[in-house]
Structure formats: C-alpha cells, structure tokens
Amino acid sequence: MQTFRYYLFFLLLITLIVPTKAQSNWKTIVTNGIDSLLANHPVMEHASCGILVYDATDDIILYQHDQKKTHRPASTTKTFTCAAVLKYLTSDYSFRTSVYTTGKIKRKRINNKKMRILQGDIFVKGSLDPAFSSADMDTLMMILQANNIDSITGNLYADLSMKDRKLGGSGWCWDDTGDDFPLLHPLLLDKDTTFMSEFYARLNAAGIGVGGYIKDSICPANKRLLAEKCRSLSELLPQCLKTSDNRYAEAFLYQLGTMSGEPFPSTDISMNYVNSMIDSLGCPKEEYHFVDGSGLSFYNYVTPEIEVALLKYIYQLSDFFEEFKNALPISGIDGTLENRMRGTAAEGKVFAKTGTLSGTNTLAGYAYSQNGHMLIFSIMNDGVTTGNSNAARKLQDEILDLLCK
C-alpha cells in the first residue's frame, strides 16, 4: 500500500512538473526568437516596438517588450470602437434612415383628376448609415409610392440631430492617407452628402411634386413613419474590421452618443462610452487616449498592454467573441491580411486588426499556435521611416510565424 501511495505521488508530481517545464521551454524559445528578430531586423534601426503576447490557454505572459509604452494605435483603434458598440448596443442594433411626416393625406379632385395630397412636411432622420446607397434610396421611393401620394405641400426637412455638425475628426492629418477620410454626416448617400437633394429629385421623378424647400429641423413629437431602411450592426461589422473602413468605424462611434438622448451629441459624449469600457478593465487613464473611432487621429495613443487587456476581455468575458473574431481579417485569407503570412505557420491562424499611419504600423488580435493554444497579442511599431512600412509588416509577420509554430 505504501509503495502504491508513492507511485501515485510520483504520477501527480510528473503531471505538475512536465507542463510547467514545457511552458518554460516554449517561453524561452519565443523570447529568444523575438529578441533576435528585434535585435537584427533592419526596421528596428530607427523604429520602436511595443509587444505583449498572452497565452490565454495557460494564463501566462508569453512575451513582453516595452508593453507599457504608449504608441499611436492607427486602425487597431477600431477594435475598441467595435467592442464598445457590441457591448452597449449589441449586434442586433439597427442603423435607421427614416422618413416621417406631420401631415395628413387629403383626397382632392384637381382638373377632374383624383389626387392624394400630403398636407404637411416631410422629415428625413439619419443615423449615419455608412452603407446607404442609391439602391436604398430606391427602396424608400418604392415605399412612398405605395402610399399613392401625388404631391406634398410642405417642406422637406433633414433631421441631423443624431450627432454634432462636425464633418471631420480631431487630429486627422488630411494629407496622410489620400481619400480615406469619411464625411461624418448623418444622411449619407454613396459616401456623399447629397442625400436630400437626391431625395427631392427622386420624388419629382416619381411624379410626387414638392411645394416647399429643403431645410434642417428636428422631427417633432407628433411625427408619423412613412418609410424606413434598416441595417443591422452585425451586417456592417465585417466591413469595418476586415477592410478597415474608416467611415463605418466613425458611424459606429456616433451610435454610442445617441444613447445619451441629447440632440447633436458631441464626439466627447460618444467617446465617454469607449472610455467607460476601458476603465472597467482596470486600465490606467494615463496609458491611453482616444479621440475618434477609426484611428485616423494622430492624437490617439495606447499601450500594447491595454490592447491585450481589451482583447482578453472580449475572449474571456464578453458574449460576442465569435462574432468579433470572425469579422477580423484572417492571415493569408481575407481583409487587410489577405496577402500576409502566406506559406508560413501563421497562415489561416491569425485573426487580427491591422493599423497604418505615416510612421506607424500596428497589429493586434488572436493567434492559434500549433499546440492548440490561444494567443492574444499586440505589436505596435512607431517611428517607421518613410518607405519601411512593408518591412515593419514583415517583422510582425515573422513574429506571428514564430508564435504559431
């Protein structure tokens, strides 16, 4: 019996020691490998690099380097924006473009012809639907025509009260990334601000005459819904993350501001919800600062440690991890990672958000190693000299290749 007890104790000791030793060996290999990459990679002659890799399976920090230093996140900012809208609004939330009226339809005979005249005004309330297109405008027209309205006696009002009147973001360097800067207008039509003029023209083309003018005003309480186009957050999420669409990210951010119930809520009100989420993770306020939803701003900064804390929260504590992860670019397969890490151990194993500004290249997300472990990581390069963005991306890809082996 005593021998058997010693045997059981020996087995227990082995189960405790062997995984710990394996962890230690793997951590040593990863540490030596990444240290060597940072020491010898050409891009690191001038650039800085903050890295944190967390092994969620073993609950250990696998690697860290300047993880508490702040960097410009660029488009990895979108992970914070999307996490906030999924947390506070859920994926079922709808972006609504609604047509209301305060009038009533009266039947009149004009020149021996029976007419249905809408006596009153039309209000179009926008929610900054980033995907609203000419086809969606056609849908609204079809619904309005189904009401058999022949003319409108009043004005056409645009209700733009879902956000402030600023069309751009704070700290945007307008010549940095060409035409990637979105117009932040509640009523967009094919990315432009021609919604109301096109709406007016479409009504006339449909034989619905308008007696008044195009103006701005908040919808009154006694409004009645005539037509509406809805689009869910879940439908828009992949476009925001996989293709890094700035317009979508800013539209997401301003949905948070509408929760305040105030007309024309400022960017600061929207950002309060993002900050509240980050604060709930126990992150020091001096280690992050965000002023927009897309990452276009040069005023944003955050540490790799906080990016990993966010991704860790999404993975371990949120109820939207799978939806969030599946909306991220996949290495070698789609989105902004479609042409990266092909032919390496990391191909198809990395779900991560990229980020690019002049001098900045970032990558943050999830990776599956060959031993089946879930890794959560953030790699942030700043001070990347002109023409070296591809070299910075190559460094990131080599790190992920090492982690996934």
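The values are calculated or read from the model by the stated rules, or taken from the named source; none is laboratory data. None of the values given here were measured: they were computed from a predicted structure. Every residue, glycine as well, gets a Cβ built from its backbone with ideal geometry; the counts of neighbours run over all protein chains shown. Ligands, DNA and RNA are excluded from the accessible area calculation, which covers all protein heavy atoms including side chains. Shrake-Rupley method; radii C 1.70, N 1.55, O 1.52, S 1.80 Å.
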Region 361-387 scanned against label point 7 Å out from Glu45 along Cα→C-beta; backbone N under 16 Å for 383-387
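Contact order normalised by length for region 43-179, with contacts defined as Cα pairs under 8 Å and 6 or more residues apart; what percent is it?
Working: 134 pairs, mean separation 23.2, N = 137.
It rounds to 17 percent for region 43-179.
Expressed in nm to one decimal, what extension gain is obtained for the pair Glu287 and Asn339 from 0.36 nm per residue of sequence separation less their Cα-Cα distance?
Details: separation 52, 0.36 × 52 = 18.72 nm, distance 3.24 nm.
Gain in length upon complete extension: 15.5 nm.
Is the shape of region 257-321 best called rounded, prolate or oblate, per the rule: a/c under 1.5 gives rounded, else a/b larger than b/c gives prolate, else oblate, with a ≥ b ≥ c the square roots of the Cα gyration tensor eigenvalues? Walk me through the intermediate numbers first.
Values: a/c = 2.08, a/b = 1.34, b/c = 1.56.
Taking the square roots of the gyration eigenvalues as a ≥ b ≥ c, region 257-321 is oblate.
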Paramagnetic reach from Ser358 in region 274-305 [backbone N under 14 Å; point 7 Å along Cα→Cβ]:
297-299
Taking 8 Å as the Cα distance limit and 6 or more residues as the minimum spacing, I'd like the relative contact order of the chain as a percentage.
23
Reachable aspartates and glutamates from Lys106, Cα under 15 Å, same-chain residues fewer than 8 places away excluded?
Asp121, Asp150
Beyond 25 Å between alpha-carbons counts as too far, so tell me which of Lys125/Lys325; Lys87/Lys353; Lys87/Lys223; Lys27/Lys349 fall in that bin.
Lys125/Lys325; Lys87/Lys223
Taking r as the C-beta separation of Ile105 and Ile218 and R0 as 25 Å, the FRET efficiency to the nearest 0.05 is 0.60
What does the charge add up to near Thr153, with Lys and Arg as +1, Asp and Glu as -1, over the other residues with Cβ less than 13 Å from its Cβ?
+2
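Find the accessible area per residue for region 60-142; the probe is 1.4 Å, ligands and nucleic acids are left out, and the unit is Å². Mind dumping the intermediate values first?
Working: 3580 Å² over 83 residues.
Value returned for region 60-142: 43 Å² of accessible area per residue.
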Helix 2-40 vs. the chain, principal-axis angle (Cα, 0 to 90°, nearest 10):
70
When the accessible area of the chain is split by element with a 1.4 Å probe, what percent falls to carbon and sulfur?
51
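Let's test the formula: R0 of 35 Å, r as the Cβ-Cβ distance of Met115 and Glu235. What FRET efficiency results, to the nearest 0.05?
On the way: r = 39 Å, r/R0 = 1.11.
The computed FRET efficiency comes out at 0.35.
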Local electrostatic count, Ala251, Cβ distance below 13 Å [Lys/Arg +1, Asp/Glu -1]
+1
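Sorting His71, His65, His185 by accessible area (1.4 Å probe), largest first, what list results? Could you put the intermediate results ahead of the total?
On the way: His71 10, His65 65, His185 40 Å².
Largest accessible area first, the list is His65, His185, His71.
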What FRET efficiency would be calculated for the residue pair Thr28, Ser94, taking the C-beta separation as r and a Förster radius of 56 Å, to the nearest 0.05?
0.65
C-alpha long axis of helix 134-146 to longest principal axis of the chain, angle in °:
40
Express in Å², to the nearest 10, the accessible area of Met162 obtained by rolling a 1.4 Å probe over the protein heavy atoms while all chains stay in place.
10
Result for region 197-295: accessible area per residue, probe 1.4 angstrom, in square angstrom, of 42
For the residue pair Ser260 and Thr57, what label-to-label distance in nm results when each label sits 7 Å from Cα along the Cα-to-beta-carbon direction?
4.5
